[in-house]
Amino acid sequence: MLTNKEMKRQGAGVLLVGMALLLADSAQAQGLGNSPYSRIGLGEFNANTGGVRQMGMGGVGLAAPNAVNVNELNPALLYYTSRTTFEAGYSGQYKTVKNASASSRSGNGTLGYFALSVPLSTKWGAAVGLKPLSAVDYESNTLQAVQGDPNSQSLKQYKGTGGISEAYFGQGVRITKALTLGFTASYVFGVVDETTGTSLQLANSTVTDKSVDRTHTRYSDFAFRAGAHYRQKLSKDISMNLGGVYSFAHNLNGLQTTTQEHENAAGTLIGTVATLSNGRGSTFVPALAQGGISFDNNKNWSLNLDVAQQQWSKYRSFTSTGPALSDTWRFGLGGELAPDPGSVEHYFQRVSYRAGLSFAQLPYQPGGKTLYDRSVSWGFGFPLPTASALEATTISLAFTYGVRGNTDVLNAVTATSNVQENYIRGQLGITLNNRWFIKRRLQ
């Protein structure tokens with residue numbers, strides 16, 4: 001007969017497998033609402049900003065070790081895993097997309113990520129997990145004048161869905177009393193479908209048959225990143241942490257198929273589908289360099305500053321078509337505070353309160369103008385009252401409000417302008433801590 005503890009561990013195992021299957025199934029549908037800029041490059045690229053804890057602090061934490069959450073943001077911090085930890089997150093987003101003349105609203109939710117970290121020894125920790133790397137989710141229509149026929153217009157409809165995920169295995173090892181190093185190997189995979197439909201809108205508002213070009217790209221390859229962390233006491237109560245992560249540049253190989261078909265106004269296929277191209281190729285993903293500094297009292301507060309830089313100007317796709325991208329950088333400042341983690345009488349003294357700011361340059365430069373992403377974040381970590389030295393459960397919430405791009409007019413003649421996204425993102429995370437592999441003692 002199973003003991004209570006064995007039943008709990010078996011239940012945790014079933015939960016982990018179930019979450020893994022659900023997240024793997026949702027890896028191909030990561031979109032969180034219409035994002036016109038995800039049409040460019042690999043889509044909305046997630047620049048290694050961590051999970052629900054980091055989101056609440058403005059996406060920072062490269063140098064901030066934590067004994068409750070999974071420290072996958074910097075593999076060197078996996079050494080600080082004191083208990084077996086399972087963490088999963090559910091993400092949602094609501095946004096307003098607008099240009100100089102129109103606006104629309106959209107929103108969505110999806111399973112976000114999961115991770116499992118295990119302390120393998122007193123100097124060695126490891127983690128496995130699955131998380132989104134990029135998301136493609138856009139739909140837009142444009143009308144253009146037809147040369148030689150002022151009474152007709154060309155209607156172009158653009159649509160893209162899909163995304164890329166990474167399944168990873170990371171390790172963190174203590175080298176000296178102050179220095180830890182880490183390494184992560186990832187399997188990167190995903191599918192992106194993009195469609196361009198072209199038809200004519202005549203003077204009497206009749207829409208002609210539509211020519212549809214479809215591109216289906218399936219990615220699969222490996223990627224690697226390395227991390228380092230250094231901790232130094234500045235005084236009896238305050239320590240300084242330095243952290244760095246380098247995600248190596250790599251070619252993301254894949255198979256791309258492009259087809260063309262014709263549809264009538266009702267969307268019914270006319271004739272047969274013609275295959276224009278079908279072959280293997282690769283997309284070059286540039287290196288990402290991240291660095292951070294953190295101060296804490298090893299008890300109930302931390303203050304963190306992170307910076308990141310990625311050379312998107314070196315990005316190349318299958319066909320090297322599309323607008324050129326520019327190098328990006330990101331700056332984040334955030335922290336967390338738990339007023340009294342050991343309080344018995346006052347529950348909210350044990351809650352972790354988080355807040356942060358983020359400012360980033362985007363890789364897109366329409367009309368030669370630089371675009372930015374500015375956001376403010378806040379979050380909470382709620383430990384369940386049943387926590388003990390052997391096991392604990394924490395429910396975390398994180399929110400981000402931000403603005404991407406602007407509505408500056410690019411061409412007054414054609415009335416084209418930039419696109420601005422006002423968004424609010426939320427994430428719900430659950431973290432389970434348990435001490436496994438405890439040696440039994442005879443009494």
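The values are calculated or read from the model by the stated rules, or taken from the named source; none is laboratory data. Since this is a predicted model, take the numbers as computed values, not measurements. Using ideal geometry, Cβ is built from the backbone for each residue, glycine included, and neighbour counts are taken over all protein chains shown. Surface areas here come from the heavy atoms of the whole protein model, side chains and all, with no ligands, DNA or RNA. Shrake-Rupley method; radii C 1.70, N 1.55, O 1.52, S 1.80 Å.
Top to bottom by accessible area (1.4 Å), largest first, where do HIS346, HIS250, HIS262 land? List each step's numbers first, then the result.
On the way: HIS346 110, HIS250 35, HIS262 85 Å².
Accessible-area ranking of HIS346, HIS250, HIS262, largest first: HIS346, HIS262, HIS250.
Based on DSSP loop calls and a cut-off of at most 14 other Cβ atoms within 10 Å, the longest stretch of the chain free of exposed chymotrypsin sites (Phe, Trp or Tyr not before Pro) is what?
Segment 1-247 is the longest.
Could you check which residue among SER38, SER134, SER101 shows the biggest mean-square fluctuation in a GNM of the chain with a 10 Å Cα cutoff?
SER101
Given a 1.4 angstrom probe, what's the average accessible area per residue across segment 206-255, in square angstrom?
On a per-residue basis, 53 Å².
Can you find, among VAL344, SER211, GLY109, the residue sitting farthest towards the positive end of the charge dipole of the chain, where Lys and Arg contribute +1 and Asp and Glu -1 at Cβ?
VAL344
Hey, any idea what % of segment 44-203's accessible area is carbon plus sulfur with a 1.4 Å probe? Kindly include the intermediate steps, with their values, before the conclusion.
Numbers: 3410 of 6270 Å².
For segment 44-203, the apolar C and S fraction of the accessible surface comes to 54 percent.
Which residues make up the longest stretch of the chain that has no trypsin sites (Lys or Arg not before Pro) in a DSSP loop with at most 12 other Cβ atoms within 10 Å?
1-122
About the Cα centre of the chain, how large is the charge dipole given +1 on each Lys and Arg Cβ and -1 on each Asp and Glu Cβ? Please answer in debye to the nearest 20.
1660 debye
Keeping all protein chains in place, calculate the accessible area per residue for segment 352-409 (probe 1.4 angstrom), answer in Å².
Values: 2600 Å² over 58 residues.
Spelled out: the 1.4 Å probe surface of segment 352-409, per residue, equals 45 Å².
Using Cα positions and a limit of under 15 Å, work out the aspartates and glutamates in reach of LYS236, with same-chain residues fewer than 8 apart set aside.
List returned: ASP296.
Which whole-number value in Å² is the accessible area per residue of segment 64-183, probe 1.4 Å?
43 Å²
Net charge around GLY89, counting only other residues with Cβ within less than 13 Å of its Cβ (Lys, Arg = +1; Asp, Glu = -1)?
Charge balance in the 13 Å sphere: +1.
Of the heavy-atom accessible surface of segment 296-429 (probe 1.4 angstrom), what whole percent is carbon and sulfur? Numbers along the way, then the final one.
Values: 4200 of 6880 Å².
After summing per-atom areas, the C and S share lands at 61 percent.
To the nearest 0.05, what FRET efficiency results for ASN251 and ALA47 with a Förster distance of 22 Å applied to their C-beta separation?
0.70
Angle, helix 4-26 long axis vs. longest principal axis of the chain, Cα atoms, 0 to 90°, nearest 10?
20 degrees
Between GLN157, GLN311, GLN361, where does the largest GNM mean-square fluctuation fall for the chain, given springs only between Cα atoms within less than 10 Å?
Most flexible of the set in this elastic network: GLN157.
Collect residues whose amide H, placed 1.01 Å from N in the peptide plane, falls under 5 Å from the amide H of ASP408; neighbours closer than 5 in sequence don't count.
Excluding prolines and chain starts, which carry no amide H, the hits are ASN418.
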